[in-house]
Structures are given as structure tokens and as C-alpha cells.
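Enquirer: Sharing a structure, written as C-alpha cells. Questions coming.
Read the figures in this text as sums done on the coordinates, not as results from a lab. Not measured: the values here are computed from a predicted model. Glycine gets a Cβ as well: all are built from the backbone with ideal geometry, and neighbour counts include every protein chain shown.
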Amino acid sequence: MSSHKIEAIARATGLTLLGDGSLTVRGAAEPANAEADELALAMSPSYADALRGSRARTAVVWGEIDLQEFGLEAALVASRPRIALAGITAAFQHQSDIAPGIHPSAIVEQGAEIGEGAAIGAFAVIGAGARLGPGAVVGAHATIGSEAVIGDKALLHAGVRIGARCKIGARFIAQPNAVIGADGFSFEPSDPASSARAAGHDTASDSNADTRKWLRIHSLAGVEIGDDVEIGSGACIDRGTIAPTRIGSGTKIDNLVQIGHNVQVGRDCLLCAQVGIAGSTVIGDRAVIGGKVGIPDHVKIGADVVIAAGSLVAGNLAGQAIYMGIPAVPRMQALRQMNMVRRLPELATELARIREKLGL
Amino acid sequence: MSSHKIEAIARATGLTLLGDGSLTVRGAAEPANAEADELALAMSPSYADALRGSRARTAVVWGEIDLQEFGLEAALVASRPRIALAGITAAFQHQSDIAPGIHPSAIVEQGAEIGEGAAIGAFAVIGAGARLGPGAVVGAHATIGSEAVIGDKALLHAGVRIGARCKIGARFIAQPNAVIGADGFSFEPSDPASSARAAGHDTASDSNADTRKWLRIHSLAGVEIGDDVEIGSGACIDRGTIAPTRIGSGTKIDNLVQIGHNVQVGRDCLLCAQVGIAGSTVIGDRAVIGGKVGIPDHVKIGADVVIAAGSLVAGNLAGQAIYMGIPAVPRMQALRQMNMVRRLPELATELARIREKLGL
Amino acid sequence: MSSHKIEAIARATGLTLLGDGSLTVRGAAEPANAEADELALAMSPSYADALRGSRARTAVVWGEIDLQEFGLEAALVASRPRIALAGITAAFQHQSDIAPGIHPSAIVEQGAEIGEGAAIGAFAVIGAGARLGPGAVVGAHATIGSEAVIGDKALLHAGVRIGARCKIGARFIAQPNAVIGADGFSFEPSDPASSARAAGHDTASDSNADTRKWLRIHSLAGVEIGDDVEIGSGACIDRGTIAPTRIGSGTKIDNLVQIGHNVQVGRDCLLCAQVGIAGSTVIGDRAVIGGKVGIPDHVKIGADVVIAAGSLVAGNLAGQAIYMGIPAVPRMQALRQMNMVRRLPELATELARIREKLGL
């Protein structure tokens, strides 16, 4: 972490300053744990008591408080706590471990172009003809395939794998061990009967079953990712078959998310941890998809949807609505169904009473 | 990609050639994006308009079309589109980034045997006594444990981890960061009461709870994988306790799949992304298991099953049937249940009317 | 594997010895596969026939059997089979591939401290100022961030990523490609309307939707992990925002588990494969959480819970109970609901009969 004057943080974050802006802080902490030279984060009145007992002389607070009452010398007023947190954490974030320049152990293959000020970590491998934008950071043990293109100020953490010929925009962040550009999972049974069976059309008389082979459909295309995209640890985005898999600018993808071949994800989406999206599906802009949601192949999800965590999508979903459940339906309908299922034992009892009454 | 004559592609794929087979193409593309020297992929009549407007002079088409009508000079007729796609993509697939031979930065430990024509990438580590078949390719940053055996023409992408003493057949493909042969997740509470509780038998009087320790059952055996198996990015196959975990020949495993210790997966199965199979379960041949399916430990799944994506298996499943739901039941039953749940509010209304009528 | 006298194994495991304890065995195997110098594992009477036919001269058995009847010269009696298995597998477990000392290809950055007897594998990177306890083993291609602290006898397998400033206790085991200390997935929409929408409060009139940006809340804190913790392949534990994400001593975490930022997991928990826990949630001690369970953000799960595999938790859960279902409810209630759903077609038929009888 680095030290900052309170007035500099106020300017950077747009928060209102109370008291002495010339004080310097070296980090941020919860009120109970903050040291005297740390900024106590007390964005809601529920922190009032902890703030009174805190060693901190400065704080981010929920409103125009009386500094003296809380033993503070300066404060920043956060009307929107999480927006403030974004600004504060940006001010104090740690710098990358990777020093600018190319680590002597890294391998930069023939024809690769490394932008000015880029930092390449230990044992990184930059493939032949790859292009890395100015200010990009490549962590230790990362692998960038041949002819891949990665934008300005991208940050690839340790062990990230970028496949050959993938194209990624500026300010990309990839958490450790994320994989962009593995081959799609696309196989076709060699015999038509099993093809039908795999699609669920026919279970009987599968006489070729014991000689079945899965023919591999290879992935000729890559992955194209816009600007300001982030992808989590262990998350996977497979390459396209003929045309690239695409992720729109501004989209954020959490850990262990799976995105199949040919998928098109829109701009400014949020895909939470362990989401799975099967091949060739199209997700509209600004979709917010909760953790563990499953979306089948070849469906269309409209823009501005919210899909609750754990839902299982069964088909196309219209945009600008909230979905929930297994299968996913509009949220009000899902809640009604869940409520009915909870009441089922009661309904069964009523039914029994009615039958008794009717002598059935 | 490499260039091919249309007649050579016809021979390799078995597709019927129309027109001038001597033309050369350097790749395949969707009709709308294809350049003049690319093969437009128009396997269904829905592409007819796009094909008419395409710059491509050659195409793969859905039937015996009139070449002139579509402005083509040659075409290949695909009666089964996805089989054709398998052949076409095989013809144009990119070659591996890894050059034959052992990269100077790679480490090949004592006693390791590297087959003829094998290619070992930058910073790969081949453990002591490991054996790698002829023509195998090991990506950058891959780790192969001591005494592991890997077959001919295997392709291990970047960051793949193969544990010590695992045995893998020919033509194996492992996508980046796949892990074969981690230790099984096998723990036993040190006190019998918690053992019962963990199994769900008893929640009361757990007097030893606060001194519980989990005893580790170590994994002495490895993983044995047949020929022609593929495993996805970040997927995990744990080693066995006493006897190896086994994956049958021809089975394809997608990204982020978890296969627990001692599991036996049959031949020619398809396990889609994020499937989880708990320890000691047995999966029959040719099972097709949809994305995110969960299968508990110690169950038997018959051959030729299809399990719909997102299902949660609760016990043994007989073979040659389609299952669906939470818990997984035969598909027709699952659909009936889902339909009934959807109709529940309606049933409740009817019930209320009946009660009213009866004065209950 | 190493060779042991039967009497030494008896002492180490506390099992009762029958017969000649001076015999030496070089491994353990199932009765049907055991060689003469291997210990046959026959902890239940169901192995009696296999044991009679086994080549093994020694076995672990289910009770005080007659050695001659089974052709054995020595046996160890296991009253609790899985406890015995823990001891037996510990005796025969394989040693790490990594030789003590620092592999010449590894990079140990400035100020890093490596404990006595530690073993650092090929291409490992130990960041500046990191501290590694005595006897710790770091696999090939592992990355340890700057100023991270890792306890005595920790075992990090190949490709493990430990983020900067994370603190981990003694005897930690991390399976290949596990990731500790990636950034949390924490974003806030720049416009208040979308903030409400993302929380599910409002779907209409989202006039700022097309200019939305996700503001990043950075993760300033690390991950703190107690003693005797294990984490599976590809599993992810994200760092905290202001205070660290914490994992209590003795907790075991399986493959592909996701633990979000700020989460607090208690002591001696068991988290099975593909579990996902969203940010800021608190899990009590000794929780046993089945595979694929999803737990939302900001909830509290009490101590000594068992949550059945595949459950989706919707809110706080009281301790010392067993939960199941989507959403997770006490198990008896879940079973009742599942049973009712199964009976729904029958209820609908009854309802139809009643309506007919009543002329409705």
C-alpha cells in the first residue's frame, strides 16, 4: 500500500472532506482494527460505536458527522458506500509483483512484440508473433500463444493461458490459472442412431452403440474479448469453431465460469462464479447472471436480464426481466411455485379431508 | 491453417464433389465472412441467401445445388452436416505451437523416455522415469510426474498436470491446466459419533464435536486412462485409494469436470462441463452426461444413459434410458412433475373452490 | 511405496496383530489383486471369498478370523475400517517427487526465507520477502507471491498459486493448480438505478442501462488459513476487501470449490467438490457441505451443519441440523416435499375425480 493525503483521496474519489485534509494515511481498515494512521471504513451508522472506540484519526463515514464526537480529525462522507469503497480501494491497492521489463527467465519467441513499459514475469512464455500492448503485465508462468493480441495495460496473473490467435482488448484482467482459448467441446457420434439418441430422440434399438466413436469437430477460430473485461481464476472461455467466441467490453467473469465455443456474451455483463454457458448461446448486454447458473447451448438471453443464483435456464429468455428457478421462469412465478411446493403437505391434507367428506 | 485442393478435402471427408476439384482453399468460414479462397460452410438451406452473397467460390452445401445459381465453382455435399464439419475442421486445424524436439528450457529428469518425434515445450518438466510415446506433444509449463506413462501422439496443452505413476493411452488430448492424478478427497472423522453425523445418521449428542479431527486416507493408486480420451481445461481426475481411478477409451470430458477417487468411467462417454462425480461411482459405457450434472459417491450408472444437464442423481440408474431432474428420474416422469409444479397454483384454486362448495 | 514389518504397521495404526508380525510387506492392495508380499485390504466380511483366493500372506481383516482358514500368516484387525485405511495408506503413501533443497531452475526472490529442509521444485517462483516454513515442499511451476507466509511441512503441488501477503499455517496441502489469493469479484454499477436492479429491486425504467460501467472494488486484504488445511485442484479462495478471507484450522476443501472474498470458514469443516460460497458469508465450525452446494453472499451458516450435495442455500441456517434441497430446508421437510412432488400426478387425478363427483 502507499500513503496518501486525505485531501488527495477526496479529490480522487469525489467524496466530501470534513476536517483536516492534510493528514496522511497509509491504508484502510475496519474501525475496530484501524491503526492511527489508517483510514477507518465506517460507511454505515452501524459502525458508529466501533468508530468511537477506534484508534483511527480519519475515517470514511455515512454522513455529515461531528468529528469531535467520534474523536476524528478528518473524514470523507460517502453517500453511496460501495461507490466510495471502489474509490478508496483503488487508492490503496497493491502494486503488481512483476517488475517492468522482461524477466531474464521469460521466453519471448520470434516476432513477438512487447509494448513499452510492459512487465513480463519469471518463466512467462510469449509465443511467436504475439503482440502485447504498452504497460501490460504478464505474471509468472503465464503462457501466451502464438499470434495472440493483448491490449494496453492488460494484467495477466500467474499461470494464465491465452491460446494462439486470441484477441483481447485493453485493461484486461485475468486472475491466476484462467484459460482463454482452449478447444471447444464439440463431438459428433459417427453413427446416426447415436446422434439421435444423444439428442434425446430415441433410446431403443441402438444397434451401433457398441461401435460408436465420437468424431471431433476442431476449433478453427479463436476468442475475441473487448476492453475492460475481467476473468476469474480457473475460468475457461473456449475458442469458436468457425467464427470466434466473443466477450463484449466491460463484462466481468468470476472464478470457475465455463463459456463454451461460439458463445457470444454482450457488453457490461456480470457472470458470477461457477456459471456455465454451453456452446453457441448468445447473452445480451448488461446481463447479471448469479453463481452456478447453467445455460444450455444455442439459446438467446435478452439484454438487461437478471438470473438468480443456482437457476437452470431451459430455453430463450426475453430481456429486461428477472428469472429464477429450475427451470428458470420469471421471478414472481418462481416464488409462487416455491411457495406452493412448500404448502404441498397442507394441500394433501385438505384433499384427504375432502375425500373423506365425500366418501371417496 | 494450411491450403488444400477441394478434391483432396472430398477424398479425406468422403463428401461428394460438385464442379472443379482442382481449386485450392486456405480455410473455412461462414458464408457471409468467407473470402474468395475460403470454403464457405453452408450445410443447411438457411444459408442459401448468405451463400448467394458470399465472396467464396467454393462451399460445403446441404444438397445437390446448382453451382451457377450460387456463383460457385465447386462444392462439397454434406448429407450429415456435423459429420462434414468434423472432417472439414480436421483438414484446416492449426498445428501445435510446440516444435518437435525438447525445448532447451525444458527439464527431462533421470530415466525419462521421450518417444521419437515428440515435442516438449518451454519449461515443461518430465519427471524421473516417465515415458512419453512417439509423436507426443507437451505444452509449455506442463508437469508430468515421475514414472507416468503417456501414449503415442498425446497432446498436453500448457499447464497440464499429470501426477506420478498415472497411465494414459494414445492420442490423449488435455486442454490447458487440466489436472490428472491429484489426491482423492477422502477423510474420516477420528471419533465415531461424527462419522455417523457426517453420514447424516445422527445430529444429536455429538459430544466429541469440538475435538474432531479429519483423518486423511491417502491415495496410493493412480489414474488409468484409455486411448482417444480428451479432458477439458481445469478438469480434475483424482487418483484412486488402493486401485486406480479409470477412464475408458474414447471418453470425452469437458472443462471443469470433477471426477473423484476410485471412479470408473466406461468407454465412449461424454461428460459435459462442470459435471461432478463423487468417489467410487461407476459409469457405464457410452453415457452422455449433460453439463453441471452431479452424481453421488458409490452409485452405479448403467450403459447408454443420457442424463439431462443440471440433473442431480440420487442413486443407481439403470442403463439405456434418459434421466432428468432433481433428483434425476426417467425423463417422462420428470417432465410430468415439472408440468404439475407449474400447474400447482391452479390446483390450489380448484381445491379452494371445492372447499367452498363443501363448506369446509 | 516403502516396505514395512506387519508389527510396525500394527504399532503405527493401533490395530490388533494376529500371527507373525515379523513379515514384511511392500504395499497394500485389494485381496483379488494383492501379491504375496502385499497387504490385502479385507475390512469387511464381503471380502471373505476374495481373501481366501488371494495370493497375499497378510491382510487387514474385519475381525478375529482364523488365519489358517484364509491361508494367511498374519493379519491386522480393523474394528473401524476407514480409520484403519487412514493408517494403512499413511504407512504406504508415496514420497514427494521434489528433492530437498532448491532446484537450480527455481527462482527465490530477494528477502525470501526458506525453512530448513524445505524442497523447492523446478521453475517454482518464491516472491520477495516470502517465508516458507521448515520441511515445506513446493512443487514444480508453483508461484508464491511476495511476503506470503507458509507454515512448516506445507505441501504445494505443481502449479499452485499463492497470492502476495497470504498467510497459511502448518501442514497445509494444496493440490495442483489451486489458487489462493486471487482478487475478489466485487463490482458496483456506476449508476444507482442499475445498482438497485442488480439487487433485484427494480426492473423498470433503467434509463442509464446503456451507459452502465462496473466500478471495481479492489481487494486490499489477503487470505489467512489455519493449520492442517487442505485445498483441492483448481479450487479458488479469493482475498478479502479490507479484512482477510479466513479458513479455520483442520478444514478440508475439495477440487474446484469457490470461496469468495471476505468469507469466513470455521475449523474442521469439509467442503466437497464444486461447492461455491459467495462473498462475506460465515460458515461455522465442523460444517460438512456436500458437492455442488451453493451458498449466497452475506449469510451465516451455523456450526455442525450438514448440507446435502446439490442443495442451494437461500439464507441463514441454524447450526446442528441437516439441510437439503433447493432452497435448502431441514432434511425431513425436504424429503416430505420431494415425496409430495412425486405424488403430484396422483393428487391431480384425485382432484379431478372430486370435481367430477361435485359436478364442478
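Enquirer: Just report the Cα centroid separation between segment C:1-21 and segment A:34-62, whole Å.
Expert: The distance from the Cα centre of segment C:1-21 to that of segment A:34-62 comes to 61 Å.
Enquirer: Could you put C:Leu220, A:Leu17 in order, starting from the residue whose Cβ has the fewest other Cβ atoms within 10 Å?
Expert: In increasing order of surrounding Cβ atoms, one gets A:Leu17, C:Leu220.
Enquirer: Take the Cα of C:Glu346, step 7 Å along the line toward its Cβ, and report every residue of segment A:338-360 whose backbone nitrogen sits under 13 Å from that point.
Expert: A:348-349, A:352
Enquirer: When N counts the residues of the protein assembly as shown, how does its alpha-carbon radius of gyration compare numerically with 2.2 N^0.38 Å, as a ratio?
Expert: Here the Cα radius of gyration is 0.96 times the empirical estimate.
Enquirer: Right, next: Given 37 °C and 0.692 mPa s, how large is the Stokes-Einstein diffusion coefficient of segment B:301-360 in µm²/s, with Rh as the Kirkwood radius over Cα pairs?
Expert: This corresponds to a translational diffusion coefficient of 245 µm²/s.
Enquirer: Pairs of alpha-carbon atoms within less than 8 angstrom and 6+ residues apart define the contacts here; what relative contact order does segment C:265-350 have, in percent?
Expert: Relative contact order comes out at 20 percent.
Enquirer: What percent do you get for the relative contact order of chain C when only Cα pairs under 8 Å and 6+ apart count?
Expert: With pairs under 8 Å counted, the relative contact order is 7 percent.
Enquirer: Next question, about the same structure. Write down the Å³ per residue value for the convex hull defined by the alpha carbon atoms of segment B:227-360.
Expert: In segment B:227-360, the Cα convex hull volume per residue is 109 Å³.
Enquirer: Could you tell me the relative contact order of segment B:1-106? Use alpha-carbon pairs under 8 Å, at least six residues apart, and round to a whole percent.
Expert: 27
Enquirer: Provide Rg over Rh for segment A:1-42; use the alpha carbon set for both Rg and the Kirkwood Rh (inverse mean inverse pair distance).
Expert: 0.94
Enquirer: Right, something else. Within segment A:1-69, which GluC sites (Glu not before Pro) sit in a loop by DSSP and count at most 12 neighbouring Cβ atoms inside 10 Å?
Expert: Taking segment A:1-69 and a limit of 12 other Cβ atoms within 10 Å, the loop GluC sites (Glu not before Pro) found are A:Glu64.
Enquirer: Using +1 on the beta carbon of Lys and Arg, -1 on that of Asp and Glu, and nothing else charged, what's the dipole of segment A:101-330 about the Cα centre, debye to 20?
Expert: 100
Enquirer: How big is the charge dipole of the protein assembly as shown about its Cα centre, in debye rounded to the nearest 20, if each Lys and Arg gets +1 on its Cβ and each Asp and Glu gets -1 on its Cβ? Each step should come with its number before you reach the end.
Expert: Numbers: 96 positive and 108 negative charges, 521 e Å.
Roughly 2500 debye for the protein assembly as shown.
Enquirer: A further question follows. Within a Cβ distance under 15 Å of A:Ile114, other residues only, what is the Lys/Arg minus Asp/Glu net charge?
Expert: The answer is -3.
Enquirer: So, one more: Given the pairs C:Lys252/C:Lys300; B:Lys300/C:Lys252; A:Lys153/A:Lys252; B:Lys167/B:Lys292; A:Lys292/B:Lys252; A:Lys292/B:Lys300, which span a C-alpha to C-alpha distance of over 24 angstrom in this model?
Expert: Exceeds cut-off: B:Lys300/C:Lys252; B:Lys167/B:Lys292; A:Lys292/B:Lys300.
Enquirer: Here's something else I'd like to know. Roughly how many whole Å is it from the C-alpha centroid of segment B:81-113 to that of segment A:219-271?
Expert: So the two Cα centres are separated by 24 Å.
Enquirer: Now for a separate question. Relative to the compact globular guide of 2.2 N^0.38 Å, what is the alpha carbon radius of gyration of segment A:50-148, as a ratio?
Expert: 1.75
Enquirer: Could you work out the equivalent-ellipsoid semi-axes for chain B, taking the square root of 5 times each eigenvalue of the Cα gyration tensor, largest first, in whole Å? Write down the numbers at each step before the final one.
Expert: Working: eigenvalues 402, 274, 42 Å².
With the √(5λ) rule applied to chain B, the semi-axes are 45, 37, 15 Å.
Enquirer: Within 10 Å of each candidate Cβ there may be at most 11 other Cβ atoms; applying that plus a DSSP loop requirement, which GluC sites (Glu not before Pro) in segment C:113-169 survive?
Expert: Details: sites: C:Glu113, C:Glu116, C:Glu147; in loops: C:Glu116, C:Glu147.
The qualifying sites are C:Glu116.
Enquirer: Let me ask something else. Placing the label point 7 Å from Cα along the Cα-to-Cβ direction, what are the distances from A:Gly111 to the equivalent spots in the other copies, shortest first, in nm to one decimal?
Expert: Output for A:Gly111: 4.2, 4.2 nm, nearest copy listed first.
Enquirer: With N set to the residue count of segment C:4-92, report its C-alpha Rg divided by 2.2 N^0.38 Å to two decimal places.
Expert: 0.90
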